1. What is the sum of charges, Lys and Arg at +1 and Asp and Glu at -1, for the other residues whose Cβ falls under 11 Å from the Cβ of G114?
2. To check my understanding: the extent here is largest minus smallest coordinate of the Cα atoms along each principal axis. What are those three numbers for the chain, in Å, largest first?
3. Counting DSSP beta bridges with both partners in the chain, what percentage is antiparallel, nearest 5?
4. Out of I205, I85, I110, any idea which swings most in a Gaussian network model of the chain, alpha carbons joined below 10 Å?
5. What helices does the chain hold that run 24 Å or longer along their axis, going by alpha-carbon atoms, with a Kyte-Doolittle average of 1.0 or more, using DSSP H for the helix calls?
6. What are the semi-axes of the equivalent ellipsoid for segment 44-154, taken as the square roots of 5 times the Cα gyration tensor eigenvalues, largest first, in whole Å?
7. Mean-square fluctuation check for the chain, GNM, Cα pairs under 10 Å: which of G271, G126, G68 is largest?
8. Hey, can you grab everything whose amide H is under 5 Å from the amide H of Y211? Only 5+ residues off in sequence or another chain; H modelled, so Pro and N-termini drop out.
Amino acid sequence: MKRILSMILVCMLFISLVGCGGKSEQGASSTEPKSDAAESETKEPFKVILVVTGQLGDKSFNDSAASGIEMIKNDSELNVETKIIEIGRDQTQWEPTFTDLAEAADYDVIVTNGSNAKETVVKVAGMYPEQKFIMYDTTLKDDEKLPNIYAMSYKQNEASYLGGVLAASMSETGKIGFLGGSEHPVISDFLVGYIEGALSVNPDIEVYVGYIGSWSDTAAGKTSANAQLANGVDVIFPAAETAGLGAIEAAKDAGKLAIGVDSDQAMLYKGVDEAMANTILSSVLKNVGDSIHRAVGLEVKGELKWGDYEVIGVAEGGTGLADNEYFRANVPEDVIKAIENAEAEIKDGSVTVSTALGVDQSVVDKIINSAAPGR
């Protein structure tokens, strides 16, 4: 009897061990690494916020930046969650906003316009080294090259050189105009390129230069343009965001021509105001949206070069002239060919366009005076 009981106990122990072994193997299989597909389903989205130092709806620079965020949002390969906020032009509000965003640490990258917010961003980035910032439309000095900042600037001077070729080629009076929102190194960079491009076509061209004193006042833009048009200007190039649209309207009303800026502004009026669309020969483009999309894409892949900046021009596709149906309909073939030749010369280095960035003001003044009316 004892022998039978012992055998029963041994069998029960054996069954128990086999059962435990089975459960152990099943548990081990459940802890195997997840497949790539499973990981992609559970991975937290990369988060990016665009801080607009101004307002959207300018149909120019800020809207171009916002288009980049839209590209990122719709790029299925990136898995990025996006947001845009507008903080206006009151610079006393900028530092608190960037500080709050960095402190909250809700976004992997904060994107903003460095041409006017760089000083603030550099200060906040130094206080919050874990927060990454991408700035567009600016360069970095050595003491600003922090490991959590990436910046990009654009050779707007190259694109506006092409705009100057276009303006001088289309002018019948030999007088063309330029209007900036205000005096600023980037606006001066547009200007020197525009003048040099115009002079390459007509050494006797006269370039009227003015500043609206606003980036948003379309009425002021129209008034400033009318003053130039009254002096015989027949092609005008406003680099002034929303205020520049008033200058284009003045050109339309006077039966003259204009060149847009930053975005392809003729397409804003397609099917809405064909007279305005046909007034805009082309637009000097800074492909801000594309560059933001590119930078965020590189960061998601771990390939963005932090602590430095890149300069993007005609050769890199970062700047250029808009080529659309209005450009093709209103610009003669020989002028288009001249623009294409100028573009090729910039790309191969046979033409080097002067810049207003990082140079003494006397250099800029000399270029402006070289095409001044009545010189």
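All of the numbers you see were taken from the coordinates with simple rules; none came from a lab. Quick caveat, the model's predicted, so the values are computed rather than measured. Cβ sites come from the backbone with ideal geometry, for glycine too, and all protein chains shown count toward neighbours.
1. Numbers: positive: K118; negative: E119, D137, E144.
Net of charged neighbours comes to -2.
2. 127, 43, 40
3. Details: 3 of 45 bridges.
Among the beta bridges of the chain, antiparallel pairing accounts for roughly 5 percent.
4. Judging by the Gaussian network model, the answer is I85.
5. On the way: long enough: 2-30 (42 Å, 0.88); 185-201 (25 Å, 1.26).
Those that pass (Cα extent of 24 Å or more, hydropathy at least 1.0) are 185-201.
6. Details: eigenvalues 79, 59, 39 Å².
For segment 44-154, the ellipsoid semi-axes come out as 20, 17, 14 Å.
7. G271
8. So Y211 has HN proximity to G180.
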